[in-house]
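Data block below; observations after.
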Amino acid sequence: MIKLSEITKSISPSLTRRLFNLAQNYDNVIDFTLGDPDIHPHDKIKEAGCKAILEGRTRYSPNAGLLELREIISSRYKLQYNIEYNPTNEIMVTVGGMEGLYLTLLAILNRGDEVIIPAPYWINYVQMVCMCSGEPIITAPVSTNDLSISIENIRKAITPKTKAIILNTPSNPSGKIISDDSIQQIAQIAIDNDLIVITDEVYKTLLYDNAHFKSIVTCDKMKERTVVINSLSKEFCMTGWRLGYVAAPSELISAMTMFQENIAACAPLPSQYAAIEALRNSEKYSAGMIEEFTLRRNVLLEEVAKIKTITVDAPQGTFYAMLNIKSTGLKSEEFAYALLEKEQVAVVPGITYGDCCEDFIRIAFTLDIYKIKEGIQRLKRFVESL
Ligand code: PLP
(Lines give C-alpha, C1' and ligand atoms only; values in the text may rest on other atoms or scores of the structure.)
Protein backbone atom coordinates (compact mmCIF):
# COMPACT_ATOMS: atom_id res chain seq x y z
CA MET A 1 0.00 0.00 0.00
CA ILE A 2 1.51 3.32 -1.06
CA LYS A 3 1.49 6.02 1.61
CA LEU A 4 0.70 9.31 -0.03
CA SER A 5 2.17 12.64 1.04
CA GLU A 6 0.47 15.06 3.41
CA ILE A 7 0.14 17.55 0.55
CA THR A 8 -1.90 15.02 -1.40
CA LYS A 9 -4.45 15.08 1.41
CA SER A 10 -4.80 18.85 1.17
CA ILE A 11 -6.13 18.81 -2.38
CA SER A 12 -9.06 17.10 -4.06
CA PRO A 13 -10.47 16.73 -7.59
CA SER A 14 -12.50 19.77 -8.65
CA LEU A 15 -16.26 19.80 -9.14
CA THR A 16 -15.63 21.22 -12.61
CA ARG A 17 -13.91 18.01 -13.65
CA ARG A 18 -16.46 15.88 -11.82
CA LEU A 19 -19.31 17.46 -13.77
CA PHE A 20 -17.33 17.27 -17.01
CA ASN A 21 -16.56 13.58 -16.43
CA LEU A 22 -20.17 12.81 -15.52
CA ALA A 23 -21.38 14.61 -18.65
CA GLN A 24 -19.42 12.15 -20.80
CA ASN A 25 -21.85 9.40 -19.71
CA TYR A 26 -24.80 11.04 -21.47
CA ASP A 27 -25.74 11.08 -25.15
CA ASN A 28 -26.69 14.37 -26.70
CA VAL A 29 -25.26 16.29 -23.76
CA ILE A 30 -24.69 20.03 -23.90
CA ASP A 31 -21.53 20.58 -21.96
CA PHE A 32 -20.98 24.07 -20.54
CA THR A 33 -18.36 22.97 -17.98
CA LEU A 34 -14.80 23.54 -19.18
CA GLY A 35 -13.20 26.77 -20.32
CA ASP A 36 -12.01 24.99 -23.43
CA PRO A 37 -13.43 26.64 -26.57
CA ASP A 38 -14.48 24.62 -29.63
CA ILE A 39 -12.73 27.21 -31.84
CA HIS A 40 -9.47 26.35 -33.61
CA PRO A 41 -6.47 28.64 -33.59
CA HIS A 42 -5.82 30.47 -36.87
CA ASP A 43 -4.34 28.26 -39.64
CA LYS A 44 -1.14 30.33 -39.74
CA ILE A 45 -0.52 29.54 -36.06
CA LYS A 46 -1.13 25.83 -36.65
CA GLU A 47 1.16 25.93 -39.71
CA ALA A 48 3.95 27.49 -37.66
CA GLY A 49 3.68 24.65 -35.12
CA CYS A 50 3.53 21.96 -37.83
CA LYS A 51 6.46 23.49 -39.72
CA ALA A 52 8.57 23.34 -36.55
CA ILE A 53 7.71 19.65 -36.19
CA LEU A 54 8.43 18.83 -39.85
CA GLU A 55 11.74 20.66 -39.74
CA GLY A 56 12.79 18.80 -36.60
CA ARG A 57 12.70 21.80 -34.29
CA THR A 58 11.41 19.44 -31.63
CA ARG A 59 14.15 19.26 -29.02
CA TYR A 60 14.56 21.02 -25.67
CA SER A 61 14.71 24.79 -25.67
CA PRO A 62 16.42 26.90 -22.99
CA ASN A 63 14.58 26.42 -19.67
CA ALA A 64 13.12 29.93 -19.87
CA GLY A 65 11.99 29.42 -23.47
CA LEU A 66 13.23 30.64 -26.85
CA LEU A 67 14.82 34.07 -26.61
CA GLU A 68 13.03 35.13 -29.80
CA LEU A 69 9.68 34.42 -28.15
CA ARG A 70 10.66 36.22 -24.95
CA GLU A 71 11.68 39.23 -27.03
CA ILE A 72 8.26 39.33 -28.67
CA ILE A 73 6.56 39.05 -25.26
CA SER A 74 8.74 41.86 -23.95
CA SER A 75 7.90 44.17 -26.86
CA ARG A 76 4.21 43.39 -26.36
CA TYR A 77 4.38 44.57 -22.75
CA LYS A 78 6.24 47.68 -23.87
CA LEU A 79 3.50 48.40 -26.39
CA GLN A 80 0.52 47.54 -24.18
CA TYR A 81 1.72 48.62 -20.71
CA ASN A 82 4.67 50.87 -21.51
CA ILE A 83 6.78 48.70 -19.22
CA GLU A 84 10.28 47.47 -20.07
CA TYR A 85 10.90 43.80 -19.34
CA ASN A 86 14.36 42.47 -20.07
CA PRO A 87 13.71 39.36 -22.21
CA THR A 88 16.88 37.68 -20.96
CA ASN A 89 15.99 37.66 -17.26
CA GLU A 90 12.52 39.09 -16.58
CA ILE A 91 10.42 36.86 -18.81
CA MET A 92 9.97 33.11 -19.00
CA VAL A 93 7.86 30.78 -21.11
CA THR A 94 5.87 28.14 -19.23
CA VAL A 95 3.69 25.07 -19.77
CA GLY A 96 0.46 27.08 -19.87
CA GLY A 97 -0.48 29.79 -17.43
CA MET A 98 -0.99 27.05 -14.84
CA GLU A 99 2.67 26.15 -14.68
CA GLY A 100 3.54 29.85 -14.50
CA LEU A 101 1.33 30.15 -11.41
CA TYR A 102 2.68 26.99 -9.86
CA LEU A 103 6.35 27.93 -10.39
CA THR A 104 5.65 31.37 -8.93
CA LEU A 105 4.11 29.94 -5.76
CA LEU A 106 6.86 27.32 -5.48
CA ALA A 107 9.47 30.05 -5.65
CA ILE A 108 7.90 32.46 -3.12
CA LEU A 109 6.14 30.42 -0.44
CA ASN A 110 7.52 29.05 2.79
CA ARG A 111 5.41 26.64 4.86
CA GLY A 112 2.44 28.48 6.35
CA ASP A 113 2.79 31.65 4.29
CA GLU A 114 -0.62 33.08 3.57
CA VAL A 115 -1.89 33.94 0.13
CA ILE A 116 -5.01 36.06 -0.23
CA ILE A 117 -7.41 34.73 -2.86
CA PRO A 118 -10.47 36.92 -3.42
CA ALA A 119 -13.66 34.92 -4.06
CA PRO A 120 -15.13 34.02 -6.41
CA TYR A 121 -11.90 32.30 -7.38
CA TRP A 122 -10.58 29.78 -9.85
CA ILE A 123 -10.20 26.68 -7.68
CA ASN A 124 -6.69 25.91 -9.00
CA TYR A 125 -5.32 28.87 -7.01
CA VAL A 126 -6.41 27.29 -3.76
CA GLN A 127 -5.07 23.88 -4.72
CA MET A 128 -1.74 25.25 -5.95
CA VAL A 129 -1.16 27.30 -2.80
CA CYS A 130 -1.73 24.09 -0.81
CA MET A 131 0.58 22.14 -3.13
CA CYS A 132 3.29 24.69 -2.28
CA SER A 133 2.68 24.38 1.49
CA GLY A 134 1.02 27.78 1.74
CA GLU A 135 -2.28 28.77 3.38
CA PRO A 136 -5.02 30.01 1.04
CA ILE A 137 -6.94 32.86 2.68
CA ILE A 138 -10.24 33.42 0.93
CA THR A 139 -11.83 36.86 1.05
CA ALA A 140 -15.52 37.38 0.33
CA PRO A 141 -16.69 39.68 -2.48
CA VAL A 142 -18.82 42.79 -1.90
CA SER A 143 -21.92 40.61 -1.39
CA THR A 144 -23.58 37.48 -2.73
CA ASN A 145 -25.47 39.76 -5.12
CA ASP A 146 -22.40 41.71 -6.18
CA LEU A 147 -19.43 39.45 -6.84
CA SER A 148 -17.00 42.37 -7.29
CA ILE A 149 -13.76 42.33 -5.30
CA SER A 150 -14.06 43.84 -1.79
CA ILE A 151 -11.05 45.99 -0.86
CA GLU A 152 -12.34 46.15 2.69
CA ASN A 153 -12.26 42.36 3.02
CA ILE A 154 -8.76 42.17 1.55
CA ARG A 155 -7.52 44.73 4.07
CA LYS A 156 -9.05 42.77 6.93
CA ALA A 157 -7.41 39.50 5.79
CA ILE A 158 -3.84 40.77 6.00
CA THR A 159 -1.70 39.31 8.80
CA PRO A 160 2.07 39.24 9.43
CA LYS A 161 2.09 35.93 7.52
CA THR A 162 0.55 37.33 4.32
CA LYS A 163 2.99 36.90 1.48
CA ALA A 164 0.98 37.46 -1.66
CA ILE A 165 -2.37 38.17 -3.21
CA ILE A 166 -3.71 36.62 -6.40
CA LEU A 167 -5.79 38.78 -8.72
CA ASN A 168 -7.69 37.52 -11.72
CA THR A 169 -9.12 40.14 -14.03
CA PRO A 170 -11.26 39.61 -16.04
CA SER A 171 -12.34 36.93 -13.63
CA ASN A 172 -13.06 33.27 -14.08
CA PRO A 173 -15.84 32.65 -13.03
CA SER A 174 -17.56 36.05 -12.60
CA GLY A 175 -16.53 37.66 -15.91
CA LYS A 176 -15.93 40.88 -13.94
CA ILE A 177 -13.07 43.30 -14.46
CA ILE A 178 -11.48 44.86 -11.39
CA SER A 179 -12.07 48.62 -11.60
CA ASP A 180 -9.17 51.04 -11.97
CA ASP A 181 -9.93 52.45 -8.56
CA SER A 182 -9.83 49.03 -6.89
CA ILE A 183 -6.61 48.16 -8.73
CA GLN A 184 -5.04 51.35 -7.44
CA GLN A 185 -6.15 50.61 -3.87
CA ILE A 186 -4.84 47.03 -3.99
CA ALA A 187 -1.51 48.35 -5.28
CA GLN A 188 -1.28 50.67 -2.29
CA ILE A 189 -2.16 47.82 0.10
CA ALA A 190 0.57 45.67 -1.49
CA ILE A 191 3.15 48.44 -1.12
CA ASP A 192 2.15 49.27 2.45
CA ASN A 193 2.30 45.61 3.52
CA ASP A 194 5.20 44.48 1.34
CA LEU A 195 3.12 41.91 -0.58
CA ILE A 196 3.75 40.22 -3.88
CA VAL A 197 0.86 40.57 -6.34
CA ILE A 198 0.27 37.73 -8.76
CA THR A 199 -1.96 39.05 -11.52
CA ASP A 200 -3.52 36.38 -13.70
CA GLU A 201 -4.39 38.08 -16.97
CA VAL A 202 -5.11 35.11 -19.22
CA TYR A 203 -8.50 36.56 -20.21
CA LYS A 204 -7.40 40.15 -20.66
CA THR A 205 -8.02 40.25 -24.41
CA LEU A 206 -11.53 38.80 -24.16
CA LEU A 207 -13.40 42.01 -23.35
CA TYR A 208 -16.93 43.07 -24.30
CA ASP A 209 -18.67 46.39 -24.95
CA ASN A 210 -15.33 48.25 -25.05
CA ALA A 211 -14.69 47.33 -21.42
CA HIS A 212 -11.56 48.87 -19.98
CA PHE A 213 -8.87 46.70 -18.38
CA LYS A 214 -6.03 47.93 -16.18
CA SER A 215 -3.13 45.77 -15.10
CA ILE A 216 -1.85 46.37 -11.57
CA VAL A 217 1.71 46.19 -12.85
CA THR A 218 1.17 49.56 -14.54
CA CYS A 219 0.63 51.27 -11.16
CA ASP A 220 3.50 53.27 -9.73
CA LYS A 221 6.22 51.17 -8.00
CA MET A 222 4.41 47.91 -8.74
CA LYS A 223 6.67 46.30 -11.33
CA GLU A 224 9.14 45.27 -8.62
CA ARG A 225 6.48 43.31 -6.66
CA THR A 226 4.20 42.02 -9.43
CA VAL A 227 4.14 38.71 -11.26
CA VAL A 228 2.16 38.87 -14.51
CA ILE A 229 0.75 35.53 -15.65
CA ASN A 230 -0.39 35.07 -19.22
CA SER A 231 -1.16 32.33 -21.69
CA LEU A 232 -2.09 31.60 -25.28
CA SER A 233 -4.81 29.17 -24.20
CA LYS A 234 -7.72 31.60 -24.08
CA GLU A 235 -6.55 34.48 -26.28
CA PHE A 236 -5.89 32.25 -29.29
CA CYS A 237 -7.95 29.18 -28.28
CA MET A 238 -4.78 27.10 -27.88
CA THR A 239 -5.56 25.24 -24.65
CA GLY A 240 -3.88 21.98 -25.67
CA TRP A 241 -0.71 23.66 -26.91
CA ARG A 242 0.26 24.30 -23.27
CA LEU A 243 1.94 27.63 -23.74
CA GLY A 244 2.04 30.39 -21.15
CA TYR A 245 4.43 33.11 -20.04
CA VAL A 246 5.40 35.05 -16.96
CA ALA A 247 6.86 38.53 -16.53
CA ALA A 248 8.38 39.25 -13.11
CA PRO A 249 11.44 40.63 -11.30
CA SER A 250 14.66 38.88 -12.37
CA GLU A 251 15.38 37.14 -9.03
CA LEU A 252 12.01 35.42 -9.22
CA ILE A 253 12.36 34.47 -12.89
CA SER A 254 15.78 33.05 -12.13
CA ALA A 255 14.37 30.85 -9.30
CA MET A 256 11.44 29.75 -11.44
CA THR A 257 13.75 28.87 -14.32
CA MET A 258 15.75 26.68 -11.94
CA PHE A 259 12.55 24.88 -10.91
CA GLN A 260 11.59 24.59 -14.58
CA GLU A 261 14.87 22.80 -15.30
CA ASN A 262 13.81 20.14 -12.81
CA ILE A 263 10.11 19.93 -13.56
CA ALA A 264 9.48 20.18 -17.30
CA ALA A 265 12.79 21.40 -18.79
CA CYS A 266 10.85 23.79 -21.01
CA ALA A 267 7.50 24.44 -22.63
CA PRO A 268 6.90 22.29 -25.77
CA LEU A 269 9.13 23.65 -28.52
CA PRO A 270 6.70 23.40 -31.48
CA SER A 271 4.19 25.33 -29.38
CA GLN A 272 6.81 28.00 -28.77
CA TYR A 273 7.21 28.43 -32.54
CA ALA A 274 3.44 28.62 -32.93
CA ALA A 275 3.40 31.24 -30.17
CA ILE A 276 5.95 33.35 -32.04
CA GLU A 277 3.54 33.47 -34.98
CA ALA A 278 0.49 34.10 -32.78
CA LEU A 279 2.00 36.91 -30.72
CA ARG A 280 3.64 38.60 -33.69
CA ASN A 281 0.23 39.04 -35.33
CA SER A 282 -1.92 38.86 -32.24
CA GLU A 283 -4.50 41.46 -33.15
CA LYS A 284 -5.21 39.83 -36.50
CA TYR A 285 -5.66 36.40 -34.95
CA SER A 286 -7.68 37.29 -31.87
CA ALA A 287 -10.09 39.81 -33.46
CA GLY A 288 -12.28 37.06 -35.00
CA MET A 289 -12.43 35.23 -31.68
CA ILE A 290 -13.68 38.28 -29.82
CA GLU A 291 -16.40 38.78 -32.43
CA GLU A 292 -17.46 35.16 -32.07
CA PHE A 293 -17.50 35.23 -28.26
CA THR A 294 -19.47 38.49 -28.30
CA LEU A 295 -22.10 36.81 -30.44
CA ARG A 296 -22.21 33.81 -28.12
CA ARG A 297 -22.44 35.98 -25.02
CA ASN A 298 -25.33 37.94 -26.54
CA VAL A 299 -27.24 34.78 -27.49
CA LEU A 300 -26.72 33.43 -23.98
CA LEU A 301 -27.98 36.65 -22.36
CA GLU A 302 -31.03 36.79 -24.66
CA GLU A 303 -31.97 33.20 -23.88
CA VAL A 304 -31.45 33.54 -20.12
CA ALA A 305 -33.61 36.68 -20.14
CA LYS A 306 -36.52 34.42 -21.19
CA ILE A 307 -36.26 32.49 -17.90
CA LYS A 308 -38.23 34.45 -15.33
CA THR A 309 -36.61 32.97 -12.23
CA ILE A 310 -32.96 33.14 -13.29
CA THR A 311 -30.83 36.27 -13.49
CA VAL A 312 -27.41 36.97 -14.93
CA ASP A 313 -25.01 39.92 -14.91
CA ALA A 314 -23.54 40.42 -18.38
CA PRO A 315 -19.89 39.37 -18.18
CA GLN A 316 -17.48 42.22 -19.00
CA GLY A 317 -14.84 39.76 -20.15
CA THR A 318 -13.91 36.01 -20.38
CA PHE A 319 -16.26 33.37 -21.79
CA TYR A 320 -18.07 32.62 -18.54
CA ALA A 321 -21.38 33.75 -17.10
CA MET A 322 -22.68 33.22 -13.57
CA LEU A 323 -26.41 32.50 -13.49
CA ASN A 324 -28.22 33.25 -10.25
CA ILE A 325 -30.46 30.27 -9.36
CA LYS A 326 -31.42 31.38 -5.86
CA SER A 327 -35.15 31.49 -6.52
CA THR A 328 -35.19 27.79 -7.45
CA GLY A 329 -34.39 26.98 -3.82
CA LEU A 330 -31.77 24.40 -4.89
CA LYS A 331 -28.15 24.36 -3.77
CA SER A 332 -25.77 24.79 -6.68
CA GLU A 333 -24.49 21.21 -6.62
CA GLU A 334 -27.98 19.74 -6.35
CA PHE A 335 -29.08 21.96 -9.23
CA ALA A 336 -26.19 20.89 -11.47
CA TYR A 337 -26.69 17.15 -10.92
CA ALA A 338 -30.45 17.36 -11.45
CA LEU A 339 -30.06 19.47 -14.59
CA LEU A 340 -27.62 16.96 -16.05
CA GLU A 341 -29.83 14.02 -15.15
CA LYS A 342 -33.08 15.52 -16.44
CA GLU A 343 -31.98 17.60 -19.41
CA GLN A 344 -28.43 16.48 -20.20
CA VAL A 345 -26.99 19.94 -19.68
CA ALA A 346 -23.70 20.11 -17.78
CA VAL A 347 -22.81 23.26 -15.80
CA VAL A 348 -20.43 23.95 -12.91
CA PRO A 349 -21.98 24.40 -9.42
CA GLY A 350 -21.18 27.86 -8.05
CA ILE A 351 -19.89 26.42 -4.77
CA THR A 352 -16.74 25.44 -6.70
CA TYR A 353 -15.79 29.13 -6.66
CA GLY A 354 -16.39 29.82 -2.98
CA ASP A 355 -19.25 29.93 -0.48
CA CYS A 356 -20.42 33.25 -1.92
CA CYS A 357 -21.46 31.43 -5.09
CA GLU A 358 -23.80 28.81 -3.63
CA ASP A 359 -26.71 30.48 -5.43
CA PHE A 360 -25.01 30.36 -8.83
CA ILE A 361 -24.06 28.04 -11.63
CA ARG A 362 -21.31 28.81 -14.11
CA ILE A 363 -21.80 28.49 -17.85
CA ALA A 364 -18.81 28.49 -20.20
CA PHE A 365 -20.03 29.80 -23.56
CA THR A 366 -17.38 27.89 -25.42
CA LEU A 367 -19.92 26.14 -27.67
CA ASP A 368 -21.55 27.40 -30.88
CA ILE A 369 -24.67 29.56 -30.71
CA TYR A 370 -27.03 26.70 -31.66
CA LYS A 371 -25.82 24.60 -28.74
CA ILE A 372 -25.97 27.61 -26.42
CA LYS A 373 -29.59 28.26 -27.46
CA GLU A 374 -30.55 24.63 -27.10
CA GLY A 375 -28.77 24.34 -23.73
CA ILE A 376 -30.47 27.38 -22.25
CA GLN A 377 -33.86 26.28 -23.59
CA ARG A 378 -33.36 22.95 -21.81
CA LEU A 379 -32.33 24.85 -18.69
CA LYS A 380 -35.57 26.85 -18.93
CA ARG A 381 -37.62 23.67 -19.21
CA PHE A 382 -35.80 22.26 -16.19
CA VAL A 383 -36.36 25.34 -14.04
CA GLU A 384 -40.04 25.49 -15.01
CA SER A 385 -40.47 21.84 -14.04
CA LEU A 386 -39.30 22.43 -10.46
N1 PLP B 1 -6.05 31.25 -15.06
C2 PLP B 1 -7.37 31.08 -15.13
C3 PLP B 1 -8.24 32.02 -14.37
C4 PLP B 1 -7.92 30.05 -15.88
O5 PLP B 1 -9.26 29.92 -15.94
C6 PLP B 1 -7.05 29.17 -16.56
C7 PLP B 1 -7.61 28.03 -17.30
O8 PLP B 1 -8.76 27.69 -17.25
C9 PLP B 1 -5.67 29.41 -16.48
C10 PLP B 1 -5.20 30.44 -15.70
C11 PLP B 1 -4.62 28.58 -17.10
O12 PLP B 1 -4.80 28.16 -18.35
P13 PLP B 1 -3.61 27.51 -19.17
O14 PLP B 1 -2.75 26.74 -18.23
O15 PLP B 1 -4.27 26.67 -20.18
O16 PLP B 1 -2.85 28.66 -19.74
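The alpha-carbon of Lys371 sits under 17 angstrom from the alpha-carbons of these aspartates and glutamates, leaving out residues fewer than 8 places away in its chain: Asp27, Asp31, Asp36, Asp38, Glu292, Glu302, Glu303, Glu343. With 25 Å as the limit on Cα-Cα distance, the pairs of Lys78/Lys221; Lys44/Lys234; Lys234/Lys342; Lys161/Lys221 that go past it are Lys234/Lys342.
Subtracting the Cα-Cα distance of Glu152 and Asn281 from 0.36 nm times their residue separation leaves 42.4 nm of extension gain.
Counting only chymotrypsin sites (Phe, Trp or Tyr not before Pro) that are in a DSSP loop and have at most 16 other C-beta atoms within 10 Å, tell me the longest site-free stretch of the chain.
61-386
Residue-wise HN-Hα couplings along segment 83-95, as the Karplus relation 6.51 cos²θ - 1.76 cosθ + 1.60 with θ = phi - 60° gives them from phi, are 10, 8, 10, 6, x, 7, 9, 10, 9, 9, 9, 10, 7 Hz; Gly and Pro carry x.
Would you kindly state how much longer the chain becomes between Ile11 and Thr311 on full extension, computed as 0.36 nm times their sequence separation minus their alpha carbon distance, in nm to one decimal?
The Ile11-Thr311 span can extend by a further 104.8 nm.
To put it simply, the accessible area of the chain at a 1.4 Å probe is 51 percent carbon and sulfur.
Within the listed set Arg280, Arg297, Arg70, the Gaussian network model of the chain (springs between alpha-carbon atoms below 10 Å) gives the highest mean-square fluctuation for Arg280. A Förster distance of 51 Å, applied to the separation of the beta-carbon atoms of Tyr81 and Met1, puts the FRET efficiency at 0.45. Under 12 Å of direct C-alpha separation, and excluding same-chain neighbours fewer than eight residues apart, Lys46 reaches these aspartates and glutamates: Glu277. Normalised by 2.2 N^0.38 Å, where N is the number of residues, the alpha-carbon radius of gyration of segment 238-381 equals 1.36. Residues whose amide H comes within less than 5 Å of that of Ala346, counting only those at least five positions distant or on another chain, are Ile30, Asp31, Phe32 (H built at 1.01 Å from N in the peptide plane). About its Cα centre, the dipole of the chain is roughly 360 debye, where the only charges are +1 on Lys and Arg Cβ and -1 on Asp and Glu Cβ.
Reducing segment 251-328 and segment 194-243 to their Cα centroids gives an inter-centroid distance of 11 Å. Taking 7 Å steps out from each Cα toward its Cβ at Asp43 and Glu71 produces label points 2.9 nm apart.
Its Cα gyration tensor gives segment 62-152 an equivalent ellipsoid. The semi-axes, each the square root of 5 times an eigenvalue, are 30, 19, 11 Å from largest down.
The C-alpha atoms of the chain define a longest principal axis, and helix 180-193 lies at about 50 degrees to it. Over segment 59-281, the fraction of Cα-Cα pairs per 10 Å bin, rounded to whole percents and listed from the shortest bin up, is 8, 36, 38, 16, 2, 0. Inter-label distance, Tyr370 to Lys51: 3.5 nm, where each label sits 7 Å from its Cα along the C-beta direction.
Over the Cα atoms of segment 340-386, the radius of gyration divided by the Kirkwood radius equals 1.00; this is the Rg/Rh ratio.
Work from the charge dipole of the chain (Cβ charges, +1 for Lys and Arg, -1 for Asp and Glu, about the Cα centre) and give the residue of Met289, Thr257, Tyr370 farthest towards its positive end. Of the candidates, Tyr370 comes out farthest on the positive side. List, in the order given, every pair from Lys51/Lys214; Lys156/Lys204; Lys176/Lys331 whose Cα-Cα distance in the structure shown is over 26 Å. With Cα atoms farther than 26 Å apart: Lys51/Lys214; Lys156/Lys204. Summarising the strand pairing of the chain, around 50 percent of its internal DSSP beta bridges are antiparallel. Couplings 3J(HN,Hα) for segment 336-350, derived from phi with the Karplus relation 6.51 cos²θ - 1.76 cosθ + 1.60 (θ = phi - 60°), are 5, 5, 5, 5, 5, 5, 7, 10, 6, 10, 9, 9, 9, x, x Hz, where x marks Gly and Pro. Placing unit charges on each Cβ (+1 for Lys and Arg, -1 for Asp and Glu) gives segment 52-207 a dipole about its Cα centre, and among Cys130, Leu79, Gly56 the Cα reaching farthest toward its positive end belongs to Gly56.
Were the residues from Asp181 through Ala211 laid out at 0.36 nm apart, the gain over their Cα-Cα distance would be 9.3 nm. The alpha-carbon positions of the chain define a convex hull whose volume is 151 Å³ per residue.
The simple spin-label model puts a point 7 Å past each Cα toward its Cβ; for Glu334 and Ile263 those points are separated by 4.0 nm. Near the amide H of Thr94, within less than 5 Å, lie the amide hydrogens of Gly244, Tyr245, Val246, all on another chain or at least 5 residues away, with H placed in the peptide plane.
Accessible surface calculations at 1.4 Å, restricted to protein heavy atoms, place the chain at 44 Å² per residue.
The values are calculated or read from the model by the stated rules, or taken from the named source; none is laboratory data. All values derive from a computational prediction rather than experimental measurement. A quick note on method: Cβ atoms are made from the backbone with ideal geometry, for glycine too, and the neighbour counts reach across all protein chains shown. Ligands, DNA and RNA are stripped out before the accessible areas are found, and what is left, the full protein with its side chains, is counted by its heavy atoms. Shrake-Rupley method; radii C 1.70, N 1.55, O 1.52, S 1.80 Å.
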